[in-house]
């Protein structure tokens, strides 16, 4: 009788343990994903990367809790970066090799999710609740009020961008002009970054069984330079620092929300930036003054701060020199969601590779041998065919872990740098390739570059009808950037 009782109790305990395991594993199979994309901020303004003119304690703590990347490439400006993130394709493939403010300049242009890959659509198909808040700027919500829903996002709260003919739409900070399911309006007395942050927090707190995918393309720290609710400064640099500190504060608030909701352990947070800092400010970085690199393919323009924190899978305090770029978001997120990448629509070839193995420490996983950065400026024009790129082959850079190659619009090599010996790109090695292993690295990168199509694609979209607010893109129409 005693033996039977012991066996009975043992079986119950084993069943309980088995149930606990089965309850835990499905959660880890599909982690929550929060992607924080800061606008216009280079490494020289993140203290964990070596910035000396500011402290970013919450971002630093996030880095310490997980993995800090040293070789992550964005594109050098807003539109190419965002389209690359959304499509998993390089600008030469998706066509947006130049910056284009769709709400401001119109011309029928838009991000057409029917003719391009869409990460939001795919994550929703994979069973995720989806949310986006912040800056989109590649659709005009007056023309396409359902653009975000069509891109797979269940909930959204967005700055509309500079909508032509609506002066209030330029406001993203104080009294912001925002678009939700209720339409577009001004939010008097509100600070835009707080509205977006609170919207995401409310979404995270919703009691649901599904995992979530949250894309938070911040409006901070993009110009105009403004005071924040926490600080008042008199000059551009002081306001910029205040905006960076507010970015840090919001980062901390989101991490705290996840912890309080019991979701921190199985949430992957990726914190990064769309390109370098505005050229109007400079910061001290690793003992040197660094001018903001926005719109440039220098390391300060495209080698982004990039942090991944996922307590359930990533050990704390890690740093990596693994090569990744923004095409890799698409396959990585789908891979983490359990999607078989080989089943994706082959109509839309992906340039990116999953870096899930880097996150989880799988040494047998695929590793990149090079990464690419290209696109920026406003070198596009509006014709009867739509938005057309002025260069057949846009200048670009490729790098491996040590060397970096610049190609001009003539498809010819222009500069070659040893980033290990010369991280600030001061010595062009084009005339000294015979030294050590330079020639072989040069040849390898050049071969990759010349394997790309000789002509970049044009943006793929079915044009929207002309609108009265469409304007020709000229230096005068872009004068707002200097304010």
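The values are calculated or read from the model by the stated rules, or taken from the named source; none is laboratory data. Worth saying up front: this structure is predicted, and the values here are computed from it rather than measured. Cβ sites come from the backbone with ideal geometry, for glycine too, and all protein chains shown count toward neighbours.
Just one of the numbered conditions (1) closer than 30 Å to residue 53 by Cα; (2) touching a strand residue (DSSP E or B) at 6+ places or on another chain (Cβ under 9 Å) is not true of residue 328; which one?
(1)
Please find, among 285, 330, the residue that is under 20 Å from the mean Cα position of the chain (by Cα) and either surrounded by fewer than 22 Cβ atoms within 10 Å (Cβ to Cβ) or more than 30 Å from residue 422 (Cα to Cα) (or both). Walk me through it before giving the result.
On the way: 285 fails: under 20 Å from the mean Cα position of the chain (by Cα).
Only one candidate qualifies: 330.
Out of the residues in region 207-248 that are within 22 Å of residue 126 (Cα to Cα), surrounded by fewer than 22 Cβ atoms within 10 Å (Cβ to Cβ) and in contact (Cβ under 8 Å) with a residue 40 or more places away in the chain, which is nearest to the chain's Cα centre (by Cα)?
Let us first name the residues in region 207-248 that are within 22 Å of residue 126 (Cα to Cα), namely 207-217.
Those still in the list that are surrounded by fewer than 22 Cβ atoms within 10 Å (Cβ to Cβ) too: 207-210.
Adding the requirement that they be in contact (Cβ under 8 Å) with a residue 40 or more places away in the chain leaves 208, 210.
On the way: 208: 26, 210: 24 Å.
Per the stated criteria, the residue is 210.
Can you find even one residue in region 73-92 that is closer than 30 Å to residue 454 by Cα, in a strand (DSSP E or B), modelled with pLDDT of 95 or more and assigned by TED's automatic domain parsing to the domain that holds residue 193?
Scanning region 73-92, I find at least one residue that is closer than 30 Å to residue 454 by Cα, in a strand (DSSP E or B), modelled with pLDDT of 95 or more and assigned by TED's automatic domain parsing to the domain that holds residue 193, so the answer is yes.
Take the residues in region 223-240 that are assigned to a loop (DSSP other than H, G, I, E, B) and in contact with a strand residue (DSSP E or B) (Cβ under 8 Å, 6 or more places away or on another chain), then tell me which one is nearest to residue 267 (Cα to Cα). I'd like the intermediate steps shown before the answer.
Pass one, region 223-240, residues assigned to a loop (DSSP other than H, G, I, E, B): 223-227, 229-230, 232-235.
Subsequent filtering for residues that are in contact with a strand residue (DSSP E or B) (Cβ under 8 Å, 6 or more places away or on another chain) retains 226, 229.
On the way: 226: 32, 229: 29 Å.
Top of the filtered list is 229.
When you scan region 269-287, how many residues do you find that are farther than 20 Å from residue 82 by Cβ and either touching a helix residue (DSSP H, G or I) at 6+ places or on another chain (Cβ under 9 Å) or not assigned by TED's automatic domain parsing to the domain that holds residue 200 (or both)?
7
Mind listing whichever residues of region 346-358 are out of contact with any strand residue (DSSP E or B) (no Cβ under 6 Å at 6 or more places or on another chain) and either in contact (Cβ under 8 Å) with a residue 40 or more places away in the chain or surrounded by 11 or more Cβ atoms within 10 Å (Cβ to Cβ) (or both)? Break it down stepwise before answering.
In the first step, residues of region 346-358 are kept if they are out of contact with any strand residue (DSSP E or B) (no Cβ under 6 Å at 6 or more places or on another chain); the result is 346-354, 356-357.
Those that are out of contact with any strand residue (DSSP E or B) (no Cβ under 6 Å at 6 or more places or on another chain) and either in contact (Cβ under 8 Å) with a residue 40 or more places away in the chain or surrounded by 11 or more Cβ atoms within 10 Å (Cβ to Cβ) (or both): 348, 349, 350, 351, 352, 353, 354, 356, 357.
Farther than 24 Å from residue 106 by Cα and in a loop (DSSP other than H, G, I, E, B): is that true of residue 161 in this structure?
no
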